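> After the structure tokens below, expect a handful of questions from me.
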Amino acid sequence: MNQINVVGIGLEGASGLSVVVQEIIDRATLLVGSDRHLAYFPQHLAQRLTLNDISQTLHHIKERLSSETIVILVSGDPLFFGLGRLLLTYFPPEQLCFHPHLSSVQLAFSRVKVPWQGATIISIHGREFDQLVRALQKGASPIAVLTDPLHSPGAIAHLLLNVDNPTSYDFWVCENLGGTDERIQHLSPQEALMRTFAPLNITILVEKPQDSSIDLNTLPALGIPDRQFYSFGDRPGLITKREIRLLILGELGLQPKQVIWDIGAGTGSVSVEIGRLVPTAQIYAIEKTAAGIQLIQNNARRFALSNVVSIQGKAPDILRQIPAPHRVFIGGTGDSLEGILACCLATLLPGGKIVMALATLEHLQEAIAWIDRHQLTYRVLQVQVSRSLPVGRFTRFAPLNPAILLTIEPFDSTAKMAH
């Protein structure tokens, strides 16, 4: 049975091939490839078949397989976002023999000198940005992005500048890798927006340490961008999003000189917003994890707040050691929802409010059942927010996770029970 040899080749052409691979090509009676790949062998005596219409070309190869010694020339590694995957759907594996060259990703990481064994590799060549957006939201690093003329390095830069993401990235564009006109550029996203790049390029994104300095005068009085907060390194998206924070602040109805509890404070983003909005308030940010406590303290220092106190402990037990609150925000309850609500109700000062952010219907049902048993007044706000997201030359909406805000006002004697 004749085999089809699929040979990966770089921009340096035949000179970059091993002696063994060159001998395989020399024995070919039919060379298949793009015009660029075939041009690397101008003196070869084999017949040539140009890869234009893929389906038609594969049909011709199948017809001539028994009578020809066939070599297909492709870029880099045929099984890395290459023709190899399609060939395996058309021919049995035993009829194919692959001879990979260095892939563009290997070359790119070697040029920027970054280990890549844990890299996230994404192709947006003829694809949408969805997979890249998810990787950015998770804080993946490093990321290698295979591009096309529409989904270009400039389009990636535009995406980075429009996604409110806590993780910042170094931005590398590697063009014509392995060729005589190879170019490696380390740019800011703003610079990448203004440049044009060779069609053969790959973009590398590498997480960089967050700048500890911040100009407080440039921040809005309300609604700090998510990217300004220190966040969990392995879960950068685990933060109460800006749009939801604004609604939480509205539901709390804050006033000067109040004591506020932030239970399950996470990164402390809600506490920080309250601390900046109401400087005379005293905020207690309660968090059970040491990592969360460290983030709360770092964020309080970052925004120069002295009225945010972090307290490590598990609610409701730890709550009995804290001054009674005027307002309570509950961002996380674990498995202690009813116990936390009972403690908050018992200690809440007259005129106080409790606001909960819930992520599931089951927690909402549990909370409402508890409220009904205690004959309290409440209201529920179901929130679905989408942010605009650039997609090449267009813009679409990308939804955030839905949120449920439950507000309890035990001392509101004028309100009716909400159902």
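The values are calculated or read from the model by the stated rules, or taken from the named source; none is laboratory data. All values reported here derive from a predicted model rather than from experimental measurement. Glycine also receives a Cβ, built like all others from the backbone with ideal geometry; neighbour counts cover every protein chain displayed. We work out accessible area using only protein heavy atoms, side chains counted, and drop any ligands, DNA or RNA first. Shrake-Rupley method; radii C 1.70, N 1.55, O 1.52, S 1.80 Å.
> Using the Cα centre of the chain as the reference point, and only Cβ charges (+1 on K/R, -1 on D/E), how large is the resulting charge dipole? Debye, rounded to the nearest 20. Present the calculation step by step, with values, prior to reporting the outcome.
Numbers: 34 positive and 36 negative charges, 179 e Å.
The dipole magnitude comes to about 860 debye.
> Under a crude label model (7 Å from the Cα following the beta-carbon direction), how far is Glu207 from Asn162 in nanometres?
The answer from the label model is 2.5 nm.
> By its C-alpha gyration tensor, with a ≥ b ≥ c as the square roots of the eigenvalues, how is the stretch 216-409 shaped: rounded for a/c under 1.5, else prolate for a/b larger than b/c, else oblate? The partial results should precede the final answer.
On the way: a/c = 1.65, a/b = 1.23, b/c = 1.34.
Oblate, since a/c reaches 1.5 and b/c is not below a/b.
> Follow-up question, since we're still on this one. If you average 1/r over every pair of different alpha-carbon atoms in the stretch 123-171 and take one over that average, what Kirkwood value in Å do you get?
About 11.0 Å for the stretch 123-171.
> Suppose each label sits 7 Å from its Cα in the direction of the beta carbon; what would the Asp35-Ala14 distance come out to in nanometres?
Here the modelled spin labels are 2.1 nm apart.
> Now for a separate question. Once you've got the GNM for the chain with C-alpha springs shorter than 10 Å, pick whichever of Gln382, Gln282, Gln43 has the biggest mean-square fluctuation.
In the Gaussian network model the winner is Gln43.
> Take every Cα-Cα distance within the stretch 4-102, group them into 10 Å bins from 0 onward, and report for each bin the whole-number percent of pairs it holds.
With 10 Å bins starting at 0, P(r) equals 16, 56, 27, 1.
> In nm, to one decimal, how far is the Asn401 label point from the Asp53 one, both placed 7 Å along Cα→Cβ?
5.1
> Right, next: Could you pull out every one of the aspartates and glutamates with an alpha carbon less than 19 Å from that of Lys314, ignoring same-chain neighbours closer than 8 positions?
Within the straight-line limit of under 19 Å, Lys314 reaches these aspartates and glutamates: Asp262, Glu287, Asp335, Glu338.
> How much length, in nm to one decimal, is gained on full extension between His363 and Phe394, taken as 0.36 nm per residue of separation minus their Cα-Cα distance? Spell out each step's value before the answer.
On the way: separation 31, 0.36 × 31 = 11.16 nm, distance 3.80 nm.
Extra length from His363 to Phe394 when fully extended: 7.4 nm.
> Let me ask something else. Given the options Ala108, Ala398, Ala140, state which has the largest fluctuation in a GNM of the chain using a 10 Å cut-off (strictly under) for Cα springs.
In the Gaussian network model the winner is Ala398.
> Let me know the shape class of the stretch 68-133, please: from the alpha-carbon gyration tensor, a ≥ b ≥ c as square roots of the eigenvalues, rounded when a/c is under 1.5, otherwise prolate if a/b is greater than b/c, or oblate. Mind showing how you got there, number by number?
On the way: a/c = 2.72, a/b = 1.59, b/c = 1.71.
Note, shape of the stretch 68-133 comes out oblate.
> How charged is the neighbourhood of Glu366? Take every other residue with its Cβ under 14 Å from the Cβ of Glu366, and add Lys/Arg as +1 and Asp/Glu as -1. Before the final figure, lay out the partial values.
Working: positive: Arg373; negative: Asp335, Glu338, Glu362, Asp372.
With Lys, Arg at +1 and Asp, Glu at -1, the net is -3.
> Which value, in debye to the nearest 20, describes the size of the charge dipole of the stretch 133-222 about its Cα centre when Lys and Arg Cβ atoms bear +1, Asp and Glu Cβ atoms bear -1, and nothing else is charged?
With Lys and Arg at +1 and Asp and Glu at -1, about 200 debye.
> May I ask for the angle, rounded to the nearest 10°, between helix 361-373 and the longest principal axis of the chain, with both axes built from Cα atoms and the value confined to 0 to 90°?
Between helix and principal axis, roughly 10 degrees.
> Taking a quarter of the surface of the convex hull around the Cα atoms of the stretch 105-207, what do you get in nm²? It would help to have the intermediate numbers written out before the result.
Working: hull surface 23.3 nm².
Answer in nm², one decimal: 5.8.
> Treat the chain as a sphere of radius equal to its Kirkwood radius over Cα pairs and apply Stokes-Einstein at 37 °C in a medium of 0.692 mPa s; give the translational diffusion coefficient in µm²/s, rounded to a whole number.
Numbers: Rh = 25.5 Å.
Calculated translational D: 129 µm²/s.
> Which FRET efficiency value, to the nearest 0.05, is calculated for Val114 and Leu150 with the Förster distance at 30 angstrom and r the Cβ-Cβ distance?
On the way: r = 26 Å, r/R0 = 0.88.
For Val114 and Leu150, the calculated efficiency is 0.70.
> For the stretch 196-311, what class follows from the C-alpha gyration tensor (a ≥ b ≥ c being the square roots of its eigenvalues): rounded when a/c is under 1.5, otherwise prolate if a/b is larger than b/c, else oblate?
Values: a/c = 2.29, a/b = 1.88, b/c = 1.22.
Because a/c hits 1.5 or more and a/b exceeds b/c, the stretch 196-311 counts as prolate.
> On average, how much accessible surface per residue is there in the chain, in Å², for a 1.4 Å probe, leaving out ligands, DNA and RNA? Kindly include the intermediate steps, with their values, before the conclusion.
Values: 20270 Å² over 419 residues.
I get 48 Å² per residue for this part.
> Where is the GNM fluctuation largest for the chain (alpha-carbon springs, 10 angstrom cutoff): Tyr169, Tyr378, Tyr230?
Tyr378
> Among DSSP bridges having both ends in the stretch 4-102, what percentage is antiparallel? Round to the nearest 5.
Numbers: 0 of 17 bridges.
Bridges in the stretch 4-102 are about 0 percent antiparallel.
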